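The values are calculated or read from the model by the stated rules, or taken from the named source; none is laboratory data. These numbers were taken from a predicted model, which means no experiment stands behind them. Don't worry about glycine lacking a Cβ; one is built from the backbone with ideal geometry, like all the others, and counts go over all protein chains shown.
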Ligand SMILES: [Zn+2]
């Protein structure tokens, strides 16, 4: 089966009761950047796989939101403001996650000069957002608006077709930190790709993060510098968990105690427990985004598995009303907290 995101393009800007298509997110990103030139810089950070193949696809977009001063939101690590990065929908079928990013963008741009706490945040932090980390996959999901398709991976079918299962690379197993070829074959949901960072989506996010965060960490078994700034959260669903490095091993990360302490503070706001390693269930995640960022730059990095495991709002495809009734009220305080903590993530919250 040849997958191309053009063939799967969903009409319109929303699907399944209100969830935003990739086109919907792109329109939104452009609109907030145009309406708030004092607050928003919009970047294309790289191609999706089908775009790189010349088969349709998308640029992957990143927004940097702050009260812009000279030097802010540049693609380098010399900016003065600590950075919080929210990254969503790397697994395309985890459809709530992109909506949380959408809500977060709207909250930030509508609060400057209105809400004192958020105004202070925008004065002192860079809030980076990658709303759709896997746009090709989201095109497939949204192509059946009444019952979204459960595409998890990107659309790289270069390893061959699949008589059972789906082609594509699991972008949360494709990073260049402890990439592990043994995660599964090309038609399994955790196929890590032909080699580390083989996918343009991986190159795009690693490229952005490597530009904006200095490396404050030496060898793998060394701690990050106490002066490290920044926090990174990648949104996944569904569960009720916060995962912290390492994900590839049960060996404790050198900063495990501090990583778990910050995770626990976010967990106190969401009700999610924090785990590392295999989480006690044999579920290792070699090649994950969070291991790569903490392991190569020293930045505290977390996976939020959002959403109730059971009930009306559980599953990959909750009704759209669950975004505003359940997910957003739960996650908003934790995201604000994470952004504040970006100033001294290994220390006490200022
Ligand atoms: Zn996921």
Residue within region 269-282 that is within 17 Å of residue 235 (Cα to Cα) and assigned to a helix (DSSP H, G or I) present: yes
Residue within region 115-130 that is under 17 Å from residue 96 (Cα atoms) and within 15 Å of the ligand (Cβ to nearest atom) present: yes
Helices (runs of 4 or more DSSP H) wholly inside region 105-212 containing at least 2 residues that are in contact (Cβ under 8 Å) with a residue 40 or more places away in the chain and surrounded by fewer than 21 Cβ atoms within 10 Å (Cβ to Cβ): 116-124, 200-212
Options 254, 245; residue that is modelled with pLDDT of 95 or more and out of contact with any helix residue (DSSP H, G or I) (no Cβ under 6 Å at 6 or more places or on another chain): 254
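Listed here are the residues, each with its yes/no results for (1) on the phi > 0 side of the Ramachandran plot; (2) touching a residue at least 12 places away in the same chain (Cβ under 8 Å); (3) assigned to a strand (DSSP E or B).
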| residue | (1), (2), (3) |
| --- | --- |
| 242 | no, yes, yes |
| 258 | no, yes, no |
| 293 | no, yes, no |
| 304 | no, yes, yes |
| 315 | yes, yes, no |
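Could you check region 54-76 and list, in sequence order, the residues that are assigned to a loop (DSSP other than H, G, I, E, B) and in contact with a strand residue (DSSP E or B) (Cβ under 9 Å, 6 or more places away or on another chain)?
Result: 57, 58, 66, 68, 72, 73, 74, 75.
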Which numbered condition residue 201 fails, given (1) in contact with a strand residue (DSSP E or B) (Cβ under 9 Å, 6 or more places away or on another chain); (2) over 26 Å from residue 32 (Cα atoms): (2)
Selected residue (criterion: surrounded by the fewest Cβ atoms within 10 Å (Cβ to Cβ)) from residues of region 268-288 that are away from the ligand (no atom under 16 Å from the Cβ) and touching a residue at least 60 places away in the same chain (Cβ under 8 Å): 269
Residue 234 vs. criteria buried (at least 22 other Cβ atoms within 10 Å of the Cβ), out of contact with any strand residue (DSSP E or B) (no Cβ under 6 Å at 6 or more places or on another chain), touching a residue at least 40 places away in the same chain (Cβ under 8 Å) and within 30 Å of residue 125 (Cβ to Cβ): no
Test: residue 310 is in a loop (DSSP other than H, G, I, E, B), out of contact with any helix residue (DSSP H, G or I) (no Cβ under 9 Å at 6 or more places or on another chain), without any contact (Cβ under 8 Å) to a residue 24 or more places away in the chain and surrounded by fewer than 21 Cβ atoms within 10 Å (Cβ to Cβ): yes
Test: residue in region 212-235 that is within 16 Å of the ligand (Cβ to nearest atom) and farther than 19 Å from residue 306 by Cα: no
Residue in region 239-255 that is farthest from the ligand (Cβ to nearest atom), counting only those that are surrounded by fewer than 23 Cβ atoms within 10 Å (Cβ to Cβ) and farther than 17 Å from residue 292 by Cβ: 252
Leading residue by the ranking (farthest from the ligand (Cβ to nearest atom)) among those in region 85-99 that are over 20 Å from residue 204 (Cβ atoms) and part of a helix (DSSP H, G or I): 99
